[in-house]
Every structure is written in C-alpha cells, then in structure tokens.
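The values are calculated or read from the model by the stated rules, or taken from the named source; none is laboratory data. It should be emphasised that the depicted structure is a prediction, and the values quoted were computed from it without experimental measurement. Ideal geometry is used to build each Cβ from the backbone, glycine not excepted, and the neighbour counts take in all protein chains shown.
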Amino acid sequence: MTDLTARLSRVFGFSSFRPGQQEIVQSVLDGQNTLAIMPTGGGKSLCFQLPALCREGTTVVISPLIALMRDQVRGLQELGVPAGALTSGNTDEETEDVFRAVDDGTLKLLYMAPERLAASGTLSLLRRANCTLIAVDEAHCVSQWGHDFRPDYLRIGDLRRMLDVPLAAFTATADAETRDEIVSRLFDGMAPATFLRGFDRPNIRLAFRVKDSPRRQISEFAAARRGQSGIVYCATRARTETLAQALSAEGHNSRAYHGGMDSIERRVVEQAFQVEDGLIVVATVAFGMGIDKPDIRWVAHADLPKSIEGYYQEIGRAGRDGAPADTLTLYGPDDIRLRRSQVDEGLAPPERKSADHARLNSLLGLAEATSCRRQVLLSYFGEESQPCGNCDLCTLPAKIFNATQPVRKALSAILRTGEYFGTGHLIDILTGNATAKVRERGHDQLPTFAVGRDMGKAAWQAVFRQMMGRDLVRPDPERFGALRMTDAARPILRGEAEIMLREDTIKSARDRPTVKA
Ligand code: ADP
Ligand code: ZN
C-alpha cells in the first residue's frame, strides 16, 4: 500500500481510489497546475482534499455554493481534518474560529465563496494563512457563455498570480469551449495538466455469474481464451495457489501471486506476465499496482471483489490497448457473508461501518442487476449512459419475476425461528423437509412449515442469496450463519411493497459433473 492509499483509507475510510482520482491527486500533490473534468458524483472533492492534507500550508477552496461548502467543511471536521469556511452564512463565532485557526497556522482547508475575493483584506488573510494551493470547484462558472457564470470567478486568475501558487480546477462540464475559457481565465492560457475522462471503458465486456463450482467456472472461462493473457483475482492467498495449480493441471500456463510471497518471487511473476504470451496470473489484489501491460485480454474474479471501486480498478486492467477484453465475476452467498463480516469485524466507527455496508450494497446491486450492467456501474460513478450491448444482461436479458410472496414466506420463516438459523435450515422448513434438526426444534409444527413446497431448493437458494444481496437480510455477526431481517424488509413483510427478483440462470450444481474447488 502506498502512503497515499494508506492516508485515503485512514482519513477518509475509502479502500481505493475511484477511477481517475489517483492521477489527479498525484498531479495536484506535485504542485502542477491541474484541470480535472469528471462526472458529477465522480469524487472531485477528494482530489483536492487529500493533496491539501499532504501539502504544507493551507489550501484555499473557491466554491460557488454556500450549502455545499458548509457540508464539506462539516464532513471534513467530522473526519478530524482542520477545515473552515468564510461565507455570508457564517455566524460571527464561526468566522472568529476561522481567523484564529489561520493565525495558529493549523488550518488545512479554507473554503471561500468567490464574492469574498472582492473583499479587502482577503489577499493578506490568505498570505497570513500560508496559502500554498488554490482549488476551484465548479470551474466552469468562470465561463461567460455558460449559464452558471459567476463574475467573481474572474478574480481567481489575479489571485493565482498574486499568490504565485499552483491552481487546481474541477468541473463536470467538459465541452471544449468551456475548457478553453477555463484555461485562459484561470491559468493565463498556460496549459495545465488536464484530466478528462468519463468512466466508460466500452471495449471491456462485463459479466457476472452466480458461483456454482468456481474452479470449473474459471477453468471453462480460461479454456475458451487459451493463449491469451489474463488475471484471476481471488479473495485469499490459499485460493490463488490451489486455483493456479488446477489451471496448470489443465495445461494452462499459470502462476500464483500474493502478498505472502517474497518480493523476488513476486518480481519473477510480474516479469513473466509482462513478457510471456498467454500467462494466467491467479492473484490477490496485491497484483496490479504498477502492472502496465496493455494487452491483458481478460480478468476474472473467482470471488466477489471488496467494493465497486475495487471491481472497476481490477477489470480496468484488461484491454488498455482498446481491443475487446472480457471479464467474469463470480459471486455467491458465501462472498456476501465474507464481505459483510469484514465490515462488521473491522475497527471502523459505526457510521463508517454503515457507509461500508451501503457501498457493499451497491456492488451487490451490480451483481444482481436486472438490466444493463454498464448503466448500473456508470451510474454509481455519476455517469448517465444508454444500454451498452456489451454486457451479459444486454446479450441475455434477465428473467425477473414477482417474488413478493416467496420473500414474505422466507422472512416469516426467519422471524418464527427467532432469527437464529441459516439458509439451509430455513429452506428445509420452507420446503417441508422434516430433517432431524427440524423435528427436534419442533419446526415441523410451524405455520410456515412446507409453505414453500412449490419451489425447489435451488430456487429458494436464489431467493435467499438475492435477499442478502438486496440487504433485506444480513448474516448475524454474533451467530455464525444465522440470518437476521433488516429494516429494509419491513415494508415487504407488511405487504406495503412488492419485490421483483431474477430467476437464476445457473443450472443447479446437481446437473453438472461434480468438480469441487
Ligand atoms: P463530485 O464533487 O465529483 O460530484 P464528490 O466529491 O461529492 O463528487 O463525491 C461523490 C461521492 O463519492 C461522495 O459520497 C464521496 O464520499 C464518494 N467518494 C469519493 N471518493 C471515493 C473513493 N475513493 N471511494 C469511495 N467513495 C468515494
Ligand atoms: Zn449492457
């Protein structure tokens, strides 16, 4: 982990950068004049907040919206970052606090409305604050032709000249004219380092499959791409080794890679991957940073990634040359349990844990999506798009069905057994399978016993997995395997909401030759 990602996680609680962020952060950190164009919701604020923390002195942030500024300052303060704002919405006390922090030299970020630049004393205040960087949010407000024109933004260029510090400008509006205007007005026409990137990587095909027999699924995927370079990501080190062996046994050229290997062994694999054609590296997420191979043709995930950001980064290693590349991500109930428990067992404070659960929900939403996956993925990063035609759901639309009744039956089985049991036992109850455990506990006497006889075991497993994916039920962190209902499920239980689920497209494991991973 680099210092930067360590700080990203320690201060902001994010496990990885979003697409594009790292390069921008680095540019700003290096003191270059920088212009970044990113979709709304793409995570622009972090691109000046993180460098501000790493740099000496204070970063002044010019932003046109008072409410937004106040939100950001509050958010930063909650994270323990010394930040303040000077806006017309301030109380005298707030303003006093800011001046005091400036004089103490403790302030890292000072937010300011553009109008403030007109006030006498602002320049000397910024000098006193040891301002070493200017960040301009919504930089398109400097454009006279745009509908968001703010005359006071025209003062920013002077400010930069007088303070003689680097400037970083951010906007979501990317048209070429606006860009030119930003460059001429904010940077005096000197071309800044410019980052313009939507998040879409249209040459990368997206696909998810329910995990059935991962070893067979991955080996079939690899066999269909024999001779091409690929990466298989696994959640554990042990899994990388067994899977690499299995692939080698099937005649693939494949190597394991993980952080537990010594650095020489790792270098050997990295080198081999760079120069050999058709090598498959089976790795943990330790593999990838610094791998700069343009013709990686495929990336598979044998286990669900940790987050949507991680997923995007990992699949994004494929097809850098722009030629078609393929991906496959496997996921199942055990993955959901693993990722939930990693959040629950982490040391983060409760608010951060709930944010991490919400982020995991977004990834699961992508896994269980019912329409174009790229649309779901890009919308998470704030980008609107049309159905892509290059994902499994565009090729073969999911069949969805009204699952309100089955979900209510399942919830009722969970509640009537005290939220104490796991999927296997609950499915025995629902399908009327009077096992010894069911009889011992008297669960064959419950009104829910056998109410789900009309559906097979595999169909029930699919319902339970999707209920976990939709966060209607969560594994109980205290009791291994037991499922508890969440508040999100209440409207369905009370009959106030309906729910549509996917019909599973996998065949049950019994229909397949049994190869266990
Ligand atoms: P923008 O200003 O580009 O519209 P924001 O800076 O408000 O976007 O960020 C949008 C959301 O993305 C925020 O909720 C923020 O917490 C989140 N975010 C930013 N960077 C990351 C990251 N590296 N990992 C996870 N979430 C992030
Ligand atoms: Zn699609």
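I'm trying to understand the selection: among the residues of segment 151-185, which are of a type outside the set (Ser, Thr, Tyr), surrounded by 14 or more Cβ atoms within 10 Å (Cβ to Cβ) and under 22 Å from Val98 (Cβ atoms)? So that I can check it myself, show each step before the final result.
Looking only at segment 151-185, we keep the residues that are of a type outside the set (Ser, Thr, Tyr), and these are 151-152, 154-170, 172, 174-177, 179-183, 185.
So of that shortlist, the ones also surrounded by 14 or more Cβ atoms within 10 Å (Cβ to Cβ) come out as 152, 154-157, 159-160, 163, 165-170, 172, 174, 179, 181-183, 185.
Asp152, Arg155, Ile156, Leu159, Arg160, Leu163, Val165, Leu167, Ala168, listed by residue number.
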Problem - Cβ-Cβ under 9 Å pairs, at least 6 apart or on other chains, segment 27-38 side closer than 19 Å to Arg161 by Cβ, far side in a helix (DSSP H, G or I) and within 16 Å of ligand 2 (Cβ to nearest atom) - result: none
Problem - Hits in segment 33-65 - residues which are more than 9 Å from ligand 1 (Cβ to nearest atom), closer than 22 Å to Ala113 by Cβ and in a loop (DSSP other than H, G, I, E, B) - result: Gly57, Ser63, Pro64, Leu65
Problem - Contacts under 7 angstrom Cβ, first residue in segment 239-253 being in contact (Cβ under 8 Å) with a residue 24 or more places away in the chain and among the polar types (S, T, N, Q), partner in a loop (DSSP other than H, G, I, E, B) and surrounded by 15 or more Cβ atoms within 10 Å (Cβ to Cβ), 6 or more apart - result: Thr240/Cys234; Thr240/His258; Thr240/Thr284; Asn253/Leu279
Completion exercise
Among Thr132, Thr122, Thr91, the single one that is out of contact with any Gly (no Cβ under 8 Å at 6 or more places or on another chain) and either modelled with pLDDT of 95 or more or exposed (fewer than 13 other Cβ atoms within 10 Å of the Cβ) (or both) is Thr91
Exercise for the section: Please enumerate the residues belonging to segment 79-97 that are more than 18 Å from Phe48 (Cβ to Cβ), touching a residue at least 12 places away in the same chain (Cβ under 8 Å) and not in a loop (DSSP other than H, G, I, E, B). Expected result: Asp97
Fill in the blank from the handout: In segment 258-300, anything touching a helix residue (DSSP H, G or I) at 6+ places or on another chain (Cβ under 7 Å) and in contact (Cβ under 8 Å) with a residue 60 or more places away in the chain is listed as Lys293, Val299, Ala300
Exercise for the section: Taking Lys293 as the residue in question, decide whether it is modelled with pLDDT under 95 and either loosely packed, with under 14 Cβ neighbours inside 10 Å or more than 12 Å from Cys234 (Cα to Cα) (or both). Expected result: yes
Completion exercise
Matching residues in segment 165-179 (in a helix (DSSP H, G or I) and farther than 16 Å from Ala36 by Cβ) number 1
Practice task
Could you please let me know if Glu23 is at pLDDT 90 or above, part of a helix (DSSP H, G or I) and charged (D, E, K, R)?
Solution key: yes
Fill in the blank from the handout: In segment 383-404, residues that are surrounded by fewer than 14 Cβ atoms within 10 Å (Cβ to Cβ) and more than 16 Å from ligand 1 (Cβ to nearest atom) total 9
Completion exercise
Here the residues within segment 141-164 that are of a type in the set (Gly, Ala, Ser) and in a loop (DSSP other than H, G, I, E, B) are Ser143, Gly146
Practice task
Would you point out the residue of segment 379-392, among those that are near ligand 2 (Cβ under 10 Å from one of its atoms) and farther than 17 Å from Val210 by Cα, that is modelled with the lowest pLDDT?
Solution key: Ser385
Practice task
Go through segment 320-369 and count every residue that is surrounded by 14 or more Cβ atoms within 10 Å (Cβ to Cβ), assigned to a loop (DSSP other than H, G, I, E, B), at pLDDT below 90 and not small (Gly, Ala, Ser).
Solution key: 1
Exercise for the section: Could you grab the pairs with beta carbons closer than 8 Å, sequence gap of 6+ or different chains, first residue in segment 382-399 and farther than 24 Å from Glu309 by Cβ and touching a residue at least 24 places away in the same chain (Cβ under 8 Å), second one of a type in the set (D, E, K, R) and within 10 Å of ligand 2 (Cβ to nearest atom)? Expected result: none
Exercise for the section: Might you let me know whether segment 5-19 holds any residue that is in contact with a Phe, Trp or Tyr (Cβ under 6 Å, 6 or more places away or on another chain), under 25 Å from Val165 (Cα atoms) and within 9 Å of ligand 1 (Cβ to nearest atom)? Expected result: yes
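Inside segment 299-319, can you point out the residues that are touching a strand residue (DSSP E or B) at 6+ places or on another chain (Cβ under 8 Å) and in a helix (DSSP H, G or I)?
Here is the first cut: in segment 299-319, the residues touching a strand residue (DSSP E or B) at 6+ places or on another chain (Cβ under 8 Å) are 299-305, 311, 314-319.
Result: Tyr311, Glu314, Ile315.
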Handout entry: Extreme residue, nearest to the chain's Cα centre (by Cα), among residues of segment 188-206 that are surrounded by 19 or more Cβ atoms within 10 Å (Cβ to Cβ) and assigned to a loop (DSSP other than H, G, I, E, B)
Key = Phe199
Exercise for the section: Please go through segment 40-64 and pick out each residue that is within 24 Å of Asp180 (Cβ to Cβ) and touching a Lys or Arg at 6+ places or on another chain (Cβ under 9 Å). Expected result: Gly42, Ile62, Pro64
Exercise for the section: Would you check if there is a residue in segment 373-382 being surrounded by fewer than 21 Cβ atoms within 10 Å (Cβ to Cβ) and at positive phi? Expected result: yes
Completion exercise
The lone condition Arg127 fails out of (1) of a type in the set (Lys, Arg); (2) surrounded by fewer than 16 Cβ atoms within 10 Å (Cβ to Cβ); (3) in contact (Cβ under 8 Å) with a residue 60 or more places away in the chain is (3)
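Given the residues Leu338, Leu347, Leu360, Leu366, which is the only one that is under 24 Å from Arg215 (Cα atoms) and either more than 16 Å from ligand 2 (Cβ to nearest atom) or over 17 Å from the mean Cα position of the chain (by Cα) (or both)?
Criteria check complete, one pass: Leu338.
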